[in-house]
Amino acid sequence: MSYICPVTDDPTMPDTQKPDKNTLYVRQGVDQPAPVSGDAVSKLKTVRPQKLDAQEYVSGIRANNRTVLGKAITLVESSLPEHQKLAREVINGCLQYSGHSIRVGITGVPGAGKSTFIEAMGKYLTGQGRKLAILAIDPSSQRSKGSILGDKTRMEQLSVDPNAFIRPSPSGGSLGGVARKTRETIILCEAAGYDIIFVETVGVGQSETAVHSMVDFFLLLMIPGAGDELQGIKRGIIEMADAIIINKADGDNLARANRAASEYRNALHLFPASTSGWIPRVELCSALNHSGISSTWDLITEYVEFTRASGFFEDKRRDQLRQTFYHTIRENLIDDFNHSRAVREKLRAIEDQLTNSGINVYEAAQQLISLYFQSVRE
């Protein structure tokens, strides 16, 4: 690009009056517009995010508007009292459209390849014309309360599939490897038309009964060659599993995978028979090579057909409703307690008494509880 100096290149100026061309001059440029449009700023100031009422949320969810569905889940997960009130109205509006999906809980040891397995299974199901919602729960930091929420980056193909909806949510310190509002999120996804729901848990822990209490089929994903196959996993987890899938059964791992499967089959024979009458299976798969994916889904559908024929499927759903009933009572009481103004005003003082006055910890807790109930009666 060439630049013209208006002084040295002026043809009317005598050469003797022209300065040295090596001298630097600032050329008079064209006035530049402001980096931000004033009109745009004024418009932005007048535009506010549209607030939806409960019926608009329900209508958007029923129309499978993924943006509205995401906002509704965020609303449900919020701890603000005004959000909780609206969330309850949305849940009530969606309840009549829920309950028609197959709910599958997927857990496993860290490194078992849960995300790879879910993506392979998800692509298989959407390829069959099914609509899949994946509720991927990431562990929350006990310090910052934050989560990485990286499942959308790990499931690159499925995250852009129009028939799949991936919702990563923080566990928020909840036991069982599930988010506090997973049950409500399932209802919203079912109302949006998703006929298969996957709940991917944080991993094998001491309270995986939480996810077992909200799904129809509980799948335990394991890997071969990780030392003693029965170490590092709780007996209760194996007892709850409707199927154990040995992932990464390919290449040099195949022989180890077969040995691991044999060990798990022998272990399952030592456990009491399931109340459903279903005999848990142990199968192999390679999510990376997509082998064993279709047979795993066939196993799940076989279980659903078997339990529906015996009546166990509906009995389990009714039992889950009762568990949800008591779970909701506990959650609402805890939330109401934490948001109580009387409790918040007295909490710091009682905490100081614990450290300075040596007050009995149980007595301190009872003081707060009594204060809470007194404020409720007033």
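The values are calculated or read from the model by the stated rules, or taken from the named source; none is laboratory data. In this text, all values refer to a predicted model and were calculated from it rather than measured experimentally. Here the Cβ positions follow ideal geometry from the backbone for every residue, glycine too, while neighbour counts run over all protein chains shown.
If you go through region 86-126 and keep only what is at pLDDT below 90, out of contact with any strand residue (DSSP E or B) (no Cβ under 7 Å at 6 or more places or on another chain) and either β-branched (Val, Ile, Thr) or assigned to a helix (DSSP H, G or I) (or both), you end up with just 115. Might you check whether a residue that is farther than 19 Å from residue 113 by Cβ and modelled with pLDDT under 85 occurs anywhere in region 246-267? Looking through region 246-267, at least one residue is farther than 19 Å from residue 113 by Cβ and modelled with pLDDT under 85. If you go through region 247-273 and keep only what is buried (at least 19 other Cβ atoms within 10 Å of the Cβ) and in contact with a strand residue (DSSP E or B) (Cβ under 6 Å, 6 or more places away or on another chain), you end up with 247, 249, 257, 260, 261, 264. Is it the case, given these coordinates, that residue 276 is closer than 30 Å to residue 258 by Cβ, of a type in the set (Ser, Thr, Tyr) and surrounded by 15 or more Cβ atoms within 10 Å (Cβ to Cβ)? Here the answer is yes, as residue 276 does meet what is asked. When the residues of region 68-85 are filtered to those that are assigned to a loop (DSSP other than H, G, I, E, B) and free of Cβ contacts under 8 Å to residues at least 24 places away in the same chain, the one that is farthest from residue 220 (Cα to Cα) is 80. Scanning region 138-158 for residues that are modelled with pLDDT of 60 or more and either over 17 Å from the mean Cα position of the chain (by Cα) or under 22 Å from residue 285 (Cβ atoms) (or both) turns up 154, 155, 156, 157, 158. Filtered by the rule that a residue be closer than 13 Å to residue 222 by Cβ and over 27 Å from the mean Cα position of the chain (by Cα), region 284-310 gives no residues.
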